[in-house]
Amino acid sequence: MPNLPTTRYVTTPAALMSNPSLHELVLRRRVDHAVQQIAAQTRVRAAAVRADAAVAEAKIAAAAHVTREAAVSATMLRHYAESLAGGDALLRDELRGYEALFHAGASQALADLFTTYRDR
């Protein structure tokens, strides 16, 4: 920061124009202040973008985990049903009802999860 004279200056437009060095100093300070404000706003916006990206990444990871768990559980349920039913067609049909119930519940859970993600 330059050394300012001890003389008191009036910063009216006419006074500024009559003293070019004071005018340049005021302009330089205004420009520096504006640049600092822009830099601060840019840092805040960049941090917000990084935060949004971290949230999106966490949502994707959670959705992938829940979807994977639902798929594995459905597969295990199907294998259990086939194992239990053996060759009995009536029992196989009854167990398919439980599979359908599981699929409906898992689908609803996934839909609720995605709705929650969309609303936040």
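Could you tell me what percent of the accessible area of region 26-120 is made up of carbon and sulfur, with a 1.4 Å probe and every protein chain present?
The nonpolar share, carbon plus sulfur, comes to 63 percent.
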| task | Work out how much length VAL31 to LEU113 would gain on full extension: take 0.36 nm times their residue separation and subtract the Cα-Cα distance, in nm to one decimal. | result | 24.6 nm
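The values are calculated or read from the model by the stated rules, or taken from the named source; none is laboratory data. In this text the structure is predicted, and so the values were computed from the model without any measurement. Side chains included, ligands, DNA and RNA excluded: accessible areas come from the protein's heavy atoms. Shrake-Rupley method; radii C 1.70, N 1.55, O 1.52, S 1.80 Å.
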